[in-house]
Amino acid sequence: MTQTDPRYSILFEPVKIGPVTAPNRFYQVPHCNGMAHGRPNALAAMRGIKAEGGWGVVSTEEVEIHPTSDLNPVIEGRLWSDDDIAYHAKTVDAIHAHGSLAAIQLAHNGCAVPNLYSRLPALGPSNMSVVWEFGDPVQVRAMDKQDIRNMRQWYRDAARRAKIAGYDVVYMYSGHNMTAPMHFLGRRYNDRTDEYGGSVENRARLIGELLEDIKEEVGQTCGIAFRFAVDELRGSDGITWDEEGRAVVEMYSELPDLWDVNVAGWSNDSQTARFAPQEGYQTDYIKEVKNLTTKPVVGVGRFTSADGMVSQIKKGYLDFIGAARPSIADPFLPEKIRTNRIDEIRECIGCNICVSGDNMSVPIRCTQNPTMGEEWRRGWHPEKIAPSENPDPVLVVGSGPAGLEAALQLSNRGHPVTLAEAGKELGGRLTRESRLPGLASYIRVRDWREHYLLTRPDVDIYFDSKLGPDDILDFGFEHVILATGAKWKRTGQGRDNRIPVAGLDQTRVLTPDDIMDGAHVTGRVAVYDLDYYLMGSTMAELVREQGHDVAYVTDASTVANWTEMTLEQDRVQARMMQNGIAVHVNRTLTAVTDDQATLNCIYTGTPENIPCDTVILVTERAPNDAIYLDLKSRPEALQAAGIKTLECIGDAYVPGTVAAAIYAGHKAARLFPNCDDDPDMFKWERPVLEPGPKTY
């Protein structure tokens with residue numbers, strides 16, 4: 001058995017949580033995943049992998065306790081009735097199979113849900129508009145005393161069901177601006193004049209009652225955890241540490257068996273590396289809670305460094321290393337520390353592509369870990385891949401994200417791999433984009449894969465090797481995978497704008513590729529963004545830093561519209577405005593001259609002219625698929641060269657996110673040599689129908 005490095009032994013000490021004991025200090029805090037009650041088999045498999053990877057406590061997502069807490073269309077957990085116990089038991093069994101504790105986060109979402117599925121009135125402390133990002137035109141009904149008694153009973157019922165399902169730790173959740181207890185505590189939601197309103201003590205009354213109820217119901221056998229938003233970072237408009245946060249911790253310091261510290265809302269708690277580049281960015285709040293209670297404290301902060309984790313424990317800031325995103329990027333992070341394989345950890349890059357899955361109600365995904373969400377559906381394991389029955393040599397052309405992942409996993413399957421890179425370094429777009437403002441963490445995606453490839457005796461890497469179709473035919477490889485990437489278009493076409501922008505030959509036109517290649521920007525700049533993700537705002541920020549007047553133009557209603565899915569849109573737009581970048585939303589770029597650009601309102605067509613000497617087009621990308629199309633059109637030549645399989649993957653096949661490219665490379669290696677996908681290659685969850693008369 002491998003002896004754990006003594007420097008990290010503290011991380012593997014058992015810690016008591018009330019009547020139960022966690023086997024170590026690694027704690028996968030509750031996190032959403034787009035599976036939950038809608039995809040229970042996928043959920044159980046994913047949580048089971050976390051336990052196998054060494055997380056001492058593995059928690060659910062938030063679990064709705066009653067139909068008045070209906071988060072549809074977002075897919076979260078449910079424990080509305082005894083009928084829901086079975087699917088929870090499946091998850092618990094998967095966690096217990098590896099010796100970890102299973103935790104469930106009970107939630108009533110109060111003012112935060114319009115109850116679109118149940119169609120029941122929303123409940124909260126006061127009469128007010130529902131707090132819902134989609135802005136449904138419905139209101140919350142102020143709870144009377146009977147409603148409060150009912151809610152307390154719902155929590156008791158859910159706790160009882162959780163115990164029956166086998167959970168070891170039961171949460172009372174008051175965080176992320178998502179729950180009724182938090183809404184009662186917040187001044188902007190609670191205008192009551194009874195014993196549940198007014199003073200901090202009154203507004204916190206429901207919190208104490210629910211903790212006591214849950215503890216009385218299941219506390220003899222289950223640890224009681226309290227996830228609490230200690231500050232909303234909204235100033236006097238929200239819950240603050242100085243007024244409500246500290247007061248609640250002092251009032252109930254010894255009531256729960258564990259404190260899980262949250263800095264609400266979700267975009268604060270899960271900040272991207274673009275805006276919170278350092279790990280442990282919530283420590284200032286976590287250590288304040290630790291100073292006020294003798295009970296164990298868990299906190300998050302995108303911890304990826306084992307030394308940093310040890311430092312947090314030894315300084316007395318927390319007792320458990322909490323993680324959501326790092327446990328997604330590498331479910332085996334604890335096991336790798338325990339067995340002295342720290343250099344094998346896939347570090348979270350803080351991109352929040354995982355969060356986008358939950359926001360879109362689809363299974364979770366990860367840029368670093370392409371097996372996330374595929375544990376049950378495809379049977380993929382993050383640390384295991386089946387050896388190939390016929391480990392023939394493979395030529396991989398291109399070392400961007402898809403090429404790197406394909407080469408690594410083919411090597412893991414036993415294939416000798418030749419990797420041909422046209423440039424002087426590995427990484428493709430990863431290397432280039434990581435040099436842009438705020439995107440430095442993306443280099444971890446390259447570095448983790450490069451680390452292995454450079455040490456594999458069965459992997460030959462050739463730089464400065466720009467291959468053409470005939471070169472590939474001459475090499476004599478039976479199997480060829482093309483991962484040649486994509487280039488940004490220079491026409492201005494994208495989204496609904498399918499007509500090339502007029503006058504581009506009259507002005508200086510650049511793309512992100514030109515900028516990353518070191519092109520010189522001149523004069524006043526217009527950045528035209530139809531991509532909606534990171535690149536448009538990053539380009540605007542970069543050229544503004546260089547001292548240029550910059551106008552950002554998009555046909556969307558907000559800057560970097562899709563980053564709403566990754567919880568950073570408001571920060572992106574705020575930073576641009578703070579940097580003096582002129583923002584033009586709901587506009588299309590229709591024409592340019594040598595000194596101005598014409599924008600049209602997408603609603604009225606009204607034109608607007610802005611000064612412009614350089615246009616940066618961030619619209620859409622064209623796949624670099626010329627080699628693939630050429631070879632594919634010459635089946636006789638392929639046969640004569642002995643090429644049995646020819647595949648095009650990643651951005652070269654269809655441009656997308658880095659996460660999509662990594663996934664494409666991984667899938668190509670997993671399925672090789674039969675890389676064509678079909679519905680029989682994965683499972684999907686089907687609803688179980690109630691028995692009834694045949695109608696067919």
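The values are calculated or read from the model by the stated rules, or taken from the named source; none is laboratory data. Predicted model, so just to flag it, every value in this text is computed and none were measured. Cβ: placed from backbone, ideal geometry, glycine included. Neighbour counts: every protein chain shown.
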Qualifying residue in the range 122-130 (condition: without any contact (Cβ under 8 Å) to a residue 24 or more places away in the chain, closer than 25 Å to Trp266 by Cβ and surrounded by fewer than 20 Cβ atoms within 10 Å (Cβ to Cβ)): yes
Scan of the range 242-260 for residues that are surrounded by fewer than 19 Cβ atoms within 10 Å (Cβ to Cβ) and either under 11 Å from Asp231 (Cβ atoms) or under 30 Å from the mean Cα position of the chain (by Cα) (or both), ordered by number: Asp242, Glu243, Arg246
Top-ranked residue in the range 388-403 [being within 20 Å of Arg432 (Cβ to Cβ) and in contact with a strand residue (DSSP E or B) (Cβ under 8 Å, 6 or more places away or on another chain); ranked as surrounded by the fewest Cβ atoms within 10 Å (Cβ to Cβ)]: Val397
Matching entry among Pro137, Pro125, Pro114 (being assigned by TED's automatic domain parsing to the domain that holds Glu217 and in contact with a His (Cβ under 8 Å, 6 or more places away or on another chain)): Pro125
Every residue from the range 619-651 that is part of a strand (DSSP E or B) and over 21 Å from Gln409 (Cα atoms): Arg621, Ala622, Pro623
Within the range 152-175, considering residues that are of a type in the set (A, V, I, L, M) and either in contact with a Leu (Cβ under 7 Å, 6 or more places away or on another chain) or assigned to a strand (DSSP E or B) (or both), the one nearest to Ala229 (Cα to Cα): Met172
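Report yes if some residue within the range 674-689 is at pLDDT below 95 and of a type in the set (Phe, Trp, Tyr); otherwise report no.
yes
Given the residues Ala652, Ala661, Ala641, Ala622, which is the only one that is among the small types (Gly, Ala, Ser), in contact with a Ser or Thr (Cβ under 8 Å, 6 or more places away or on another chain) and at pLDDT 95 or above? Steps first, answer last, please.
On the way: Ala661 fails: in contact with a Ser or Thr (Cβ under 8 Å, 6 or more places away or on another chain); Ala641 fails: in contact with a Ser or Thr (Cβ under 8 Å, 6 or more places away or on another chain); Ala622 fails: in contact with a Ser or Thr (Cβ under 8 Å, 6 or more places away or on another chain).
Every option except Ala652 fails the conditions.
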Residue match in the range 445-457 (condition: surrounded by fewer than 20 Cβ atoms within 10 Å (Cβ to Cβ), in the same structural domain as Ala661 (by TED's automatic domain parsing) and either in contact with a Lys or Arg (Cβ under 8 Å, 6 or more places away or on another chain) or in a strand (DSSP E or B) (or both)): no
Candidate set from the range 299-332 (those that are basic (Lys, Arg) and part of a loop (DSSP other than H, G, I, E, B)); member that is surrounded by the fewest Cβ atoms within 10 Å (Cβ to Cβ): Lys315
Count of residues meeting criterion [out of contact with any Pro (no Cβ under 7 Å at 6 or more places or on another chain), surrounded by fewer than 24 Cβ atoms within 10 Å (Cβ to Cβ) and among the hydroxyl-bearing types (Ser, Thr, Tyr)] in the range 528-562: 4
The range 652-667: number of residues that are assigned to a loop (DSSP other than H, G, I, E, B) and aromatic (Phe, Trp, Tyr): 1
Out of Leu419, Leu436, Leu426, Leu430, sole residue that is within 22 Å of Ala659 (Cα to Cα), part of a helix (DSSP H, G or I) and aliphatic (A, V, I, L, M): Leu430
Lone unmet requirement of (1) outside the structural domain of Met46 (by TED's automatic domain parsing); (2) in contact with a Lys or Arg (Cβ under 9 Å, 6 or more places away or on another chain); (3) among the charged types (D, E, K, R) for Arg365: (2)
Residue within the range 206-225 that is closer than 25 Å to Val289 by Cα, surrounded by 23 or more Cβ atoms within 10 Å (Cβ to Cβ) and either small (Gly, Ala, Ser) or at pLDDT below 95 (or both) present: yes
Checking Lys295 against (1) farther than 30 Å from Trp154 by Cα; (2) in a loop (DSSP other than H, G, I, E, B); (3) over 29 Å from the mean Cα position of the chain (by Cα); (4) not polar (S, T, N, Q), the condition it does not meet: (1)
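Out of curiosity, is Thr240 modelled with pLDDT of 95 or more and under 30 Å from Lys163 (Cβ atoms)? Break it down stepwise before answering.
Details: modelled with pLDDT of 95 or more: yes; under 30 Å from Lys163 (Cβ atoms): no.
Spelling it out, it is not the case that Thr240 is modelled with pLDDT of 95 or more and under 30 Å from Lys163 (Cβ atoms).
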